[in-house]
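**Q** Please see the structure below; I have some questions.
The values are calculated or read from the model by the stated rules, or taken from the named source; none is laboratory data. These figures come from a predicted structure and were not determined experimentally. FYI the Cβ positions are ideal-geometry reconstructions off the backbone, even for glycines, and counts take in every protein chain you see.
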């Protein structure tokens, strides 16, 4: 198929960007969206133009590197990562807009590449269990009810791609932050740091300049891993509980 | 052009001087006791560089920092959480014997030595099996959400090449969950100021001063700035080199530059031809294909592999009656059935496709069928176990694997070869350590499923943190080195010149076009089956591609900016040299073993025929110069506990 792409081009954070238009031809329905961009870049290089920069790595939907807003949707029309989106989701003759994640906490590095290090700093603020190597008890010493283990897993599936932030009209990181808090706080291993974790991570999230949550729900709709919206409510409950305890 | 590479010389043997003698089960204790320690108060005076943040690097960085060392860590990804370990699906082995099914440390040791076709070191493998049980404890304590049963205890499943159920898993995302555990431990140390992390920074060379590894040269991928970093020891945890083949299950940016540059600076490279072709990957669809996607080996627990009995049978799978199907693994290997080791399953798939019985476009595929499993367990149970894998398959192929069988075909997945290391995981360059897939140590000629995660975490959490103490204690007062040191300045200059040259050629071919050409050559001649004739052809062709590369490569932009084409081209420079060594190693090893199948060396029924008389050694290659023959150093492998036999899975 033949497509017209309108792609955000921005040389670096200090230079203003703009949408640029490109035609691509001979696109197969079996191609992934990123393979379609590879095709464009091969042409651009041979023409002596600067290829479009975009983040990508595993191309299996698990590393969380790819991060494109396609026709206004984070990761495009299907509920998956951009690398797992295939061109069969588009039709011959389509015009497709391709933009980077848009959020003030994710500044553009170049073209479609953004800086998501704010996410790492939120994890550094408390998204762990303090257990140095070698200090671990026998794995079966503490049984975990299956329902709790499944709840933890459901939230641990977050790949840190940032689609939730990109989709949110407020640029909020509540879904990302709540996913990690719910993963660890439900487990007996995470219990001793339950309160400090939620208070410190939420404080860091606010410091990074992410917006507030108005329960629009766009985040959970865009999440390629299906982190559920009630995750945010569960985090708020944890936060209130921890705050009450801290004031006592 | 005839390759001068085949005229390699054989140098002195190389020996592992660090593994203690004595009963194999006591060697790790002995070594830990004999290793010198660094006083806790002195540890903060030592800096250790760790390159990579996958399972091995992430766990090593976190653990060294917990011990009190100052760690300077690098990853080329934007976050340490994205290292390629994250894509591992199936599970992690541990000899817990929670199932009471006859497992033990000795059995895991035995299975791994046998699975590796008797080309791994007994000392290392036994240590790995011992540590496996501690890894599970550590990860559970970190909050890794392993699959559990209703009683709240951990669930396990079976993997290829074994008859016990010792694989712990987190649905089809075990690698992700283990990596996030290590990433979180590392994050805690970053927040505490014990780890200085440099994301989006790629190691481009090693700095060796007075014969010891003292630092690295790395490029900031955002600004393009080339900088030097110094330490008392350098740890490479940069993964394997499967991307030499262009199409593989590796992440797009996984590369061999760190280990190859270290090799050029004196670290021997062992068994480069030992590459693992994974039997269950989604077949390629066309020339646009940029990578291949694995379907976890765990699927072979419940899926049955078959092809039509008749050649060229074009009917849809469901219309082929039971008696006209050949469940060839169950037929040839009745006792292991669909769970034979990877090398055997891959070769069997190639054989039936070569016979013209392959399915799907181009006949390059076999069926992996879940109809029986769905009938037996119900669709819901299958969904629970493999749901995310089925979803991924459906997304990529637009076929529903609950209704029609999956089509799978082998693809390059893992490299058993890597930098030669001793029992302490130290390379032949003092002060340079290699852990995880970057080294060659534990898997011999074939890795068993769910053992890569085990090895990466064993190396990073437990082995290296114990053995590196010994080196640092013995080199307590090294002279400080900085960028002005002539050895450092020379490496920086060389790196800058290489990048400048790549940018200056301004030819007419893209980096990908060269990578693809090299990959196709390697897949054809150094892939699932190898012959002397084919390997000689590849050895003649690679120098020609290299010459053409430096004449026709086109890299747009400059070196002083975010430039993904430049990153790619620079990695291909190293693939073009490493590929040559892989082919030479494959040519010189005239036996078949594990993933290395030489057509000239097979049993009457087509299985790999080892030649223990001539090849019971690890081949450690010493670099001389680009395009010049390397020197072979042999490390003899001694088997005291597991007697080498012809592997039998029938």
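**Q** So, of the residues in the stretch A:60-70 that are farther than 18 Å from residue B:75 by Cβ and within 7 Å of chain B (Cβ to nearest Cβ), which turns out to be surrounded by the fewest Cβ atoms within 10 Å (Cβ to Cβ)?
**A** A:60
**Q** Quick one: in the stretch B:1-33, of everything that is surrounded by 14 or more Cβ atoms within 10 Å (Cβ to Cβ) and in a loop (DSSP other than H, G, I, E, B), which residue is modelled with the lowest pLDDT?
**A** Restricting to residues being surrounded by 14 or more Cβ atoms within 10 Å (Cβ to Cβ) and in a loop (DSSP other than H, G, I, E, B), the top hit is B:3.
**Q** Could I ask something else about it? Here is a check on your reading of the model: is residue A:171 in contact (Cβ under 8 Å) with a residue 60 or more places away in the chain, within 7 Å of chain B (Cβ to nearest Cβ) and either in a loop (DSSP other than H, G, I, E, B) or over 13 Å from the mean Cα position of the chain (by Cα) (or both)?
**A** So residue A:171 does not fit the description; no.
**Q** Do we have residue B:161 as assigned to a loop (DSSP other than H, G, I, E, B) and modelled with pLDDT under 95 here?
**A** yes
**Q** So residue B:390 passes all but one of these: (1) buried (at least 20 other Cβ atoms within 10 Å of the Cβ); (2) closer than 29 Å to residue B:455 by Cα; (3) in contact (Cβ under 8 Å) with a residue 40 or more places away in the chain. Which condition number does it fail?
**A** Unmet condition: (3).
**Q** Would you check if there is a residue in the stretch B:635-645 being touching a residue at least 40 places away in the same chain (Cβ under 8 Å), assigned by TED's automatic domain parsing to the domain that holds residue B:529 and assigned to a strand (DSSP E or B)?
**A** No, the conditions are met nowhere in the stretch B:635-645.
Residue by residue, here is whether (1) more than 11 Å from chain A (Cβ to nearest Cβ); (2) surrounded by fewer than 24 Cβ atoms within 10 Å (Cβ to Cβ); (3) under 19 Å from residue B:52 (Cα atoms) holds:
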| site | (1), (2), (3) |
| --- | --- |
| B:203 | yes, no, yes |
| B:231 | yes, yes, yes |
| B:236 | yes, no, yes |
| B:256 | yes, no, yes |
| B:278 | yes, no, no |
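**Q** Then there's this: Mind listing whichever residues of the stretch B:100-120 are without any contact (Cβ under 8 Å) to a residue 12 or more places away in the chain and within 22 Å of residue B:23 (Cβ to Cβ)?
**A** B:104
**Q** How many residues does the stretch B:57-91 hold that are within 12 Å of another protein chain (Cβ to nearest Cβ) and not in a loop (DSSP other than H, G, I, E, B)?
**A** Qualifying residue count for the region: 17.
**Q** Restricting the search to the stretch B:170-194, which residues are surrounded by fewer than 24 Cβ atoms within 10 Å (Cβ to Cβ) and more than 10 Å from chain A (Cβ to nearest Cβ)?
**A** Hits for the stretch B:170-194 are B:193, B:194.
**Q** To continue, here is another question. In the stretch B:404-420, is there at least one residue being assigned to a helix (DSSP H, G or I) and touching a strand residue (DSSP E or B) at 6+ places or on another chain (Cβ under 8 Å)?
**A** no
**Q** If you don't mind, another one. Would you point out the residue of the stretch A:71-85, among those that are more than 9 Å from every other protein chain (Cβ to nearest Cβ) and part of a loop (DSSP other than H, G, I, E, B), that is nearest to residue B:80 (Cα to Cα)?
**A** A:81
**Q** Considering each of B:141, B:147 in turn, give the residue that is within 14 Å of chain A (Cβ to nearest Cβ) and in contact with a strand residue (DSSP E or B) (Cβ under 8 Å, 6 or more places away or on another chain).
**A** Testing whether each residue is within 14 Å of chain A (Cβ to nearest Cβ) and in contact with a strand residue (DSSP E or B) (Cβ under 8 Å, 6 or more places away or on another chain) leaves just B:147.
**Q** Ok, one more. Looking at residue A:98, is it within 28 Å of residue B:252 (Cβ to Cβ), surrounded by 23 or more Cβ atoms within 10 Å (Cβ to Cβ) and assigned by TED's automatic domain parsing to the domain that holds residue A:60?
**A** Yes.
**Q** Say we look at the stretch B:329-359 and pick out the residues that are surrounded by fewer than 19 Cβ atoms within 10 Å (Cβ to Cβ) and more than 23 Å from residue B:275 (Cβ to Cβ); which of these is nearest to the chain's Cα centre (by Cα)?
**A** My answer is B:337.
**Q** Residue B:445 - would you say it is in a helix (DSSP H, G or I) and either crowded, with 24+ Cβ neighbours inside 10 Å or modelled with pLDDT of 95 or more (or both)?
**A** Judged against the criteria, residue B:445 is not a match.
**Q** I would also like to ask the following. May I ask you to say which residue of B:186, B:178, B:108 is within 19 Å of the chain's Cα centre (by Cα) and either assigned to a helix (DSSP H, G or I) or at pLDDT below 95 (or both)?
**A** B:178
**Q** Filter the stretch B:335-363 down to the residues that are touching a strand residue (DSSP E or B) at 6+ places or on another chain (Cβ under 6 Å) and not in a loop (DSSP other than H, G, I, E, B), then identify the one that is nearest to residue B:302 (Cα to Cα).
**A** B:338
**Q** For residue A:130, state whether it is surrounded by fewer than 21 Cβ atoms within 10 Å (Cβ to Cβ) and either modelled with pLDDT under 95 or not assigned by TED's automatic domain parsing to the domain that holds residue A:18 (or both).
**A** Against the criterion (surrounded by fewer than 21 Cβ atoms within 10 Å (Cβ to Cβ) and either modelled with pLDDT under 95 or not assigned by TED's automatic domain parsing to the domain that holds residue A:18 (or both)), residue A:130 qualifies.
**Q** Filtering the stretch A:136-168 down to residues that are closer than 20 Å to residue B:190 by Cβ and more than 7 Å from chain B (Cβ to nearest Cβ), which residue is surrounded by the fewest Cβ atoms within 10 Å (Cβ to Cβ)?
**A** A:162
**Q** Just give me the residues in the stretch A:43-59 being facing another protein chain (nearest Cβ under 7 Å), within 16 Å of the chain's Cα centre (by Cα) and touching a residue at least 40 places away in the same chain (Cβ under 8 Å), in sequence order.
**A** The answer is A:55, and nothing else.
**Q** Output the number of the condition that residue B:315 fails; it satisfies all remaining conditions of (1) surrounded by 19 or more Cβ atoms within 10 Å (Cβ to Cβ); (2) in a loop (DSSP other than H, G, I, E, B).
**A** Against the list (1) surrounded by 19 or more Cβ atoms within 10 Å (Cβ to Cβ); (2) in a loop (DSSP other than H, G, I, E, B), residue B:315 comes up short only on (1).
**Q** Just to check your reading of the model, which residue among A:93, A:126 is out of contact with any helix residue (DSSP H, G or I) (no Cβ under 6 Å at 6 or more places or on another chain), over 30 Å from residue B:150 (Cβ atoms) and either more than 8 Å from chain B (Cβ to nearest Cβ) or without any contact (Cβ under 8 Å) to a residue 24 or more places away in the chain (or both)?
**A** Testing whether each residue is out of contact with any helix residue (DSSP H, G or I) (no Cβ under 6 Å at 6 or more places or on another chain), over 30 Å from residue B:150 (Cβ atoms) and either more than 8 Å from chain B (Cβ to nearest Cβ) or without any contact (Cβ under 8 Å) to a residue 24 or more places away in the chain (or both) leaves just A:93.
**Q** Only one residue in B:298, B:238, B:290 is touching a residue at least 60 places away in the same chain (Cβ under 8 Å) and assigned by TED's automatic domain parsing to the domain that holds residue B:401, so which one is that?
**A** Sole residue among the options that is touching a residue at least 60 places away in the same chain (Cβ under 8 Å) and assigned by TED's automatic domain parsing to the domain that holds residue B:401: B:298.
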